[in-house]
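Colleague: One structure, as structure tokens, below. Some questions next.
The values are calculated or read from the model by the stated rules, or taken from the named source; none is laboratory data. Because the structure is a prediction, the values reported are computed rather than measured. Cβ: placed from backbone, ideal geometry, glycine included. Neighbour counts: every protein chain shown.
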């Protein structure tokens, strides 16, 4: 799981950071648009770079980049923002404070919303919202070298990512309709991956990850309809994997301490799994195939 997340994030971060690494003095803003009723606003202090490309009608882009709020400092921030919107009624907002932060927003269908706020150094955010309308992505990163990737295809998907600390990594990939993903990570080198899809794209799946501490890992993969998975990890070196396929399944993992591992695989309908592990070196594995099963694991010291 770790390789799967870090490989994608590293590739995106490298591609985006290449543009940001150029040494330039003074801010650079470029706006290109075709269509009607588009609105753009760029505010930059220090040495920043902004690119906005809009093709369509009634799109809106707002970029604010600064070394310090309202002050052009002697140490340029070299933050980099790129926004591309090629349909109608999209809105993109980018607010970056600090140095060497990179944001990329790409919206190719109508009525999508993307909001990125980064404060610190070397944070990377990539949002791509594709063929369906009315997707929403919100990314907030504070600290150093955090990476977030959000890719949504379909309609009415919602993704929220909040990371605070050092080198945390989040990847959200949703395909279908009305999926919801929420990620909150605090600490050092935590990793989260969420993938939600299924037949005809799937719909109404929900995934939530909250990790606090260092070197925790969570992977959620859902296929189907109306599945709900939740992971809470508080500690260090905790690992959770949830694989769900079917209808209206639910899995909840709550781990605290160090070096514990939870693995859940569910195929079927109306199954419920609950795992709670407190302390050191616990291991839980659940395989469920069928309908209406209930599994509960509590392990502590």
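Colleague: From the list 146, 169, 178, 157, which one is farther than 19 Å from residue 220 by Cα and touching a strand residue (DSSP E or B) at 6+ places or on another chain (Cβ under 8 Å)?
Modeller: 146
Colleague: For the structure I just gave you, tell me whether residue 81 is buried (at least 21 other Cβ atoms within 10 Å of the Cβ) and modelled with pLDDT of 95 or more.
Modeller: Yes: the conditions hold for residue 81.
Colleague: Ok, one more. Quick check on the stretch 152-171: of everything there that is within 15 Å of residue 202 (Cα to Cα) and free of Cβ contacts under 8 Å to residues at least 24 places away in the same chain, which residue is farthest from the chain's Cα centre (by Cα)?
Modeller: From the stretch 152-171, those within 15 Å of residue 202 (Cα to Cα) are 152-158; that's our starting set.
Next cut, free of Cβ contacts under 8 Å to residues at least 24 places away in the same chain only: 155, 158.
Values: 155: 17, 158: 10 Å.
Of everything passing the filter in the stretch 152-171, 155 is farthest from the chain's Cα centre (by Cα).
Colleague: Here is a follow-up. Quick one: how many residues across the stretch 120-146 are assigned to a strand (DSSP E or B) and over 19 Å from residue 83 (Cβ atoms)?
Modeller: 5
Colleague: Go through 245, 230 for me and flag whichever is surrounded by fewer than 20 Cβ atoms within 10 Å (Cβ to Cβ), under 25 Å from the mean Cα position of the chain (by Cα) and modelled with pLDDT under 95.
Modeller: 245
Colleague: Moving on. Quick one: how many residues across the stretch 38-50 are part of a strand (DSSP E or B) and over 22 Å from the mean Cα position of the chain (by Cα)?
Modeller: Selection size over the stretch 38-50: 7.
Colleague: I would also like to ask the following. Within the stretch 91-102, can you find the residues that are in a strand (DSSP E or B) and in contact with a helix residue (DSSP H, G or I) (Cβ under 8 Å, 6 or more places away or on another chain)?
Modeller: 102, the sole residue that qualifies.
Colleague: For the stretch 256-282, enumerate the residues that are in a loop (DSSP other than H, G, I, E, B) and either touching a helix residue (DSSP H, G or I) at 6+ places or on another chain (Cβ under 8 Å) or more than 17 Å from residue 293 (Cβ to Cβ) (or both).
Modeller: Once the filter is applied, which keeps residues that are in a loop (DSSP other than H, G, I, E, B) and either touching a helix residue (DSSP H, G or I) at 6+ places or on another chain (Cβ under 8 Å) or more than 17 Å from residue 293 (Cβ to Cβ) (or both), the stretch 256-282 yields 259, 260, 281, 282.
Colleague: I'd like to verify a number: residues in the stretch 136-185 that are surrounded by fewer than 24 Cβ atoms within 10 Å (Cβ to Cβ) and touching a helix residue (DSSP H, G or I) at 6+ places or on another chain (Cβ under 8 Å), how many?
Modeller: So the answer is 3.
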